[in-house]
Every structure is written in C-alpha cells, then in structure tokens.
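One structure is given here, and the rest of the page talks about it.
The values are calculated or read from the model by the stated rules, or taken from the named source; none is laboratory data. These numbers come from a predicted model, not from an experiment. For neighbour counting, all protein chains shown are included, and Cβ atoms are generated from backbone atoms with ideal geometry for every residue, glycine included.
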Amino acid sequence: LSKQKDDDELAVQGLISGERPAFEAVYRRHNGSMVRVASAILHNCASAEEIAQETWMSVMRNIGGFEGRSSLAGWIFTILTNKAKTRAKRDGRSVSLDTSANDDSIDDAFDGRGRWKDMPELWDEITPDRVVNGRQILSQVSEAIEQLPPAQRAVLILRGQQELDAAEVCDILGLTEGNVRVLLHRARFSLRQTLDRIERRKNKSEETL
Amino acid sequence: MKIMLSCRDLVHQADALLDGELSSWKKLQVRLHLSMCSGCSAFMDQMRTTRRLVKAEAQVSASDDAKIDDILSAFHTKK
C-alpha cells in the first residue's frame, strides 16, 4: 500500500508540473477505464468521452488540492462519476446503477444438491497471447466485458483493472460493500463461463479434425 | 455448523479466498473441499486465469494527442 502512496506522490508531482510525459503516463493509465465507467453510467459512448475529457480538465485545475486521503485513481474516478451523474440527471436519466440480481447464472451451473452440472476441467488453450478459433483471447474478453450489465462492468473495471479498494469503489459508485462484492463475483463468474465455452469449443473442433 | 461445502458453496467463496478475505474456519472448509474435488480445483485455477486476463485487458488508451494538447494548454493558460 505504501508503494501505491509513493507512486501516487510521484504522479501528483508530475501532474502539478504540467509536463507532458508525466501527464501522458497518468492519462494512459486511466483514460480508457474512465470512458468505460462513464459509459456504464450514461449508456452513451460520445457523452462518456466528453465526461472523461472534462474530468481531466478538472483534475488539472484541482490537483494542487489533492491531499492523498484517497488514492489518486480513487480521487480521479470520484470526479468522473460525479460529472457523469450530473450529466445523466441533466439528460433526465436515472443516475443509480441497477444492482438487481436478474440473472441466476451462478446457481444455474449446479444441480439441486449444489454439484456442478458440467464438471470444470483445466484449461490449456486460454492464455492472454493465445489465438483460439481465429481470434485473440483478449479481444474475446473485451467483448464479454462490454456485454456485462453496466453495474457489473463498472465494478469489474474499478476493482479488477484499476485495483481500487472496495471501500473506494463503494463511494465512487454509491453502492454498499455487499453490492460491490456480489457484482464483482457475478462479473468474474460470467467471464469464466465465456472463457470456458471458448475452451470447450476449441477442444471439440480439435476432436473433429 | 456443517463442515462440507457443496461445489456451489465453494464457488460463492472463490473470490473471497483469492482476495485473502476468508476467516480461518472458512478457509479450512474451502481447503478441505478443494483437496477432494478436482472440478473445483480446476475452477479455482480458471478463476485465477480469468482475473489475469481481465487485468491484461485493461485498455491502455492510445495516447490521444489532440485531447492531451487541449487539457495541457487549458492548464498552462490558467497558470
């Protein structure tokens, strides 16, 4: 954790200096995820890009006042989601993420006694640089992430990619800790299901060769 | 208190286990189940891979020069 503090301190100094390479490093680390989280709230990619841009303007205007009470990423994403919610309100949209559990995909994988319907088997095709059935695994992961319900997607990006801690994510998205835990779990389980289908399809296509 | 977890119970504890958030009693139950269930052991391995892939997918945005110019020039004119 203190390493993260040190990294943050360096990044903050870089931002305050306003020098391009320092800014660019922070921008590249967060901007893609910022656009995705904003579009989970706004359901609109063009507005999400604008919100991310406005957030950077605001980050640069206010960086001198950053006190390190949260992580730098946590601070940036707080600004982002506040702006996204304001925009959603202005557009007459609901600002709260839908956390209802409308899929039973986890329990569907088990029989009445809680045993696997399809016993998992070790994957041997699935690694980040692998091409399966003509496509990079990572591009299939991207597609699966885009298809997650917005609340799951936002939590997965903040926890699983930006590595914010659970309490920060609760504040940023306005969710309880229980919500965040369940959403993250569902998101990961559903990606695992997608990858498992890819693996099994691959094995089947090899058998028929 | 039951000792044996079902596979479904185990799956619901998977994230907490990987994040090191389980109490020692829960951890013991999970370990016991994993030692006897090759399916769930494979599942845990798949979850580790899934997490790695999600992390690897994090979109490092292509540096958008025009946007970065706008942000920085707004910053410098204000100064």
Point to revise | Criterion (under 15 Å from B:Q46 (Cβ atoms) and not charged (D, E, K, R)) met by exactly one of A:I172, A:I145, A:I157, A:I137 | key: A:I137
Revision key, fill the gap. With criteria (1) out of contact with any His (no Cβ under 9 Å at 6 or more places or on another chain); (2) modelled with pLDDT of 95 or more; (3) not hydroxyl-bearing (S, T, Y), A:A73 comes up short on (1)
Point to revise | Search result, residues across the range A:44-69 that are at pLDDT below 90 and within 17 Å of A:K89 (Cβ to Cβ) | key: A:N44
Exercise for review: Run down A:T127, A:T99 and say which single residue is among the hydroxyl-bearing types (S, T, Y), without any contact (Cβ under 8 Å) to a residue 12 or more places away in the chain and surrounded by 12 or more Cβ atoms within 10 Å (Cβ to Cβ).
Suggested key: A:T127
Exercise for review: Scan the range A:41-62 for residues that are buried (at least 22 other Cβ atoms within 10 Å of the Cβ) and within 14 Å of chain B (Cβ to nearest Cβ) and jot them down.
Suggested key: A:A48, A:I51, A:A52, A:T55, A:W56, A:V59
Check your understanding: What residue, among those in the range B:14-73 that are in a loop (DSSP other than H, G, I, E, B) and more than 7 Å from chain A (Cβ to nearest Cβ), is farthest from the chain's Cα centre (by Cα)?
Key -> B:D64
Point to revise | Residue, surrounded by the most Cβ atoms within 10 Å (Cβ to Cβ), within the range A:189-209, restricted to residues that are touching a residue at least 40 places away in the same chain (Cβ under 8 Å) and either within 23 Å of B:L18 (Cα to Cα) or within 18 Å of the chain's Cα centre (by Cα) (or both) | key: A:L191
Exercise for review: Output the residues belonging to the range A:18-33 that are over 17 Å from A:L164 (Cα atoms), more than 7 Å from every other protein chain (Cβ to nearest Cβ) and buried (at least 17 other Cβ atoms within 10 Å of the Cβ).
Suggested key: A:A22
Point to revise | Filter result for B:L10 (among the hydrophobic types (A, V, I, L, M, F, W, C), within 13 Å of the chain's Cα centre (by Cα) and under 19 Å from A:L184 (Cβ atoms)) | key: no
**Study point:** Yes/no for A:G92 being assigned to a loop (DSSP other than H, G, I, E, B), out of contact with any strand residue (DSSP E or B) (no Cβ under 8 Å at 6 or more places or on another chain) and in contact (Cβ under 8 Å) with a residue 60 or more places away in the chain
**Key:** no
**Study point:** Residues that are in contact (Cβ under 8 Å) with a residue 40 or more places away in the chain and more than 10 Å from chain B (Cβ to nearest Cβ), drawn from the range A:147-164
**Key:** A:L148, A:P149, A:P150, A:A151, A:R153, A:A154, A:L158, A:L164
Study note, to complete from the structure: Looking across the range A:88-131 at residues that are more than 11 Å from chain B (Cβ to nearest Cβ) and modelled with pLDDT of 90 or more, the single one that is farthest from A:Q193 (Cα to Cα) is A:R90
**Study point:** Residue tally, condition of a type outside the set (G, A, S), assigned to a loop (DSSP other than H, G, I, E, B) and within 24 Å of the chain's Cα centre (by Cα), over the range A:95-122
**Key:** 7
Review point. From the list B:D70, B:D19, B:D65, B:D15, which one is exposed (fewer than 13 other Cβ atoms within 10 Å of the Cβ), of a type outside the set (A, V, I, L, M, F, W, C) and at pLDDT below 95?
Key: B:D65
